[in-house]
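The values are calculated or read from the model by the stated rules, or taken from the named source; none is laboratory data. Quick caveat: nothing in here was measured; it's all calculated off a predicted structure. Note: ideal-geometry Cβ built from the backbone for every residue, glycine included; neighbour counts use all protein chains shown.
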């Protein structure tokens, strides 16, 4: 009698493996949703965007003040209201909130 030394995966082992993978993936999905990892990631993206805007704003103000000092035009009034009058930012107040938001216009800074 010839002995078969080849070992392969059986259909039952394959089905059991697939079921285990489905269970593990569902547990990971539920854990991800329950811990709020997606919300934390979204919040991090927003905070990163805010930091980028603040950095761009600071660089613009420093360069603007430098140019104004060099031209002899500096009055010490470079703030957000000044930038609104120059058309760099638009002022927006949400009707249901007390916060005032400044939105960067398409004008290049």
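Here the condition is being at pLDDT 80 or above, assigned to a helix (DSSP H, G or I) and surrounded by 10 or more Cβ atoms within 10 Å (Cβ to Cβ); of 42, 67, it holds for 67 alone.
Scanning segment 70-81 for residues that are over 28 Å from the mean Cα position of the chain (by Cα) and surrounded by 11 or more Cβ atoms within 10 Å (Cβ to Cβ) yields 74, 78.
Residues in segment 91-105 that are closer than 17 Å to residue 50 by Cα and either surrounded by fewer than 12 Cβ atoms within 10 Å (Cβ to Cβ) or in the same structural domain as residue 57 (by TED's automatic domain parsing) (or both): 92, 99, 100, 101, 103. When 37, 29 are checked against the criterion of being more than 25 Å from residue 102 (Cβ to Cβ), under 28 Å from the mean Cα position of the chain (by Cα) and surrounded by 11 or more Cβ atoms within 10 Å (Cβ to Cβ), 37 stands alone in meeting it.
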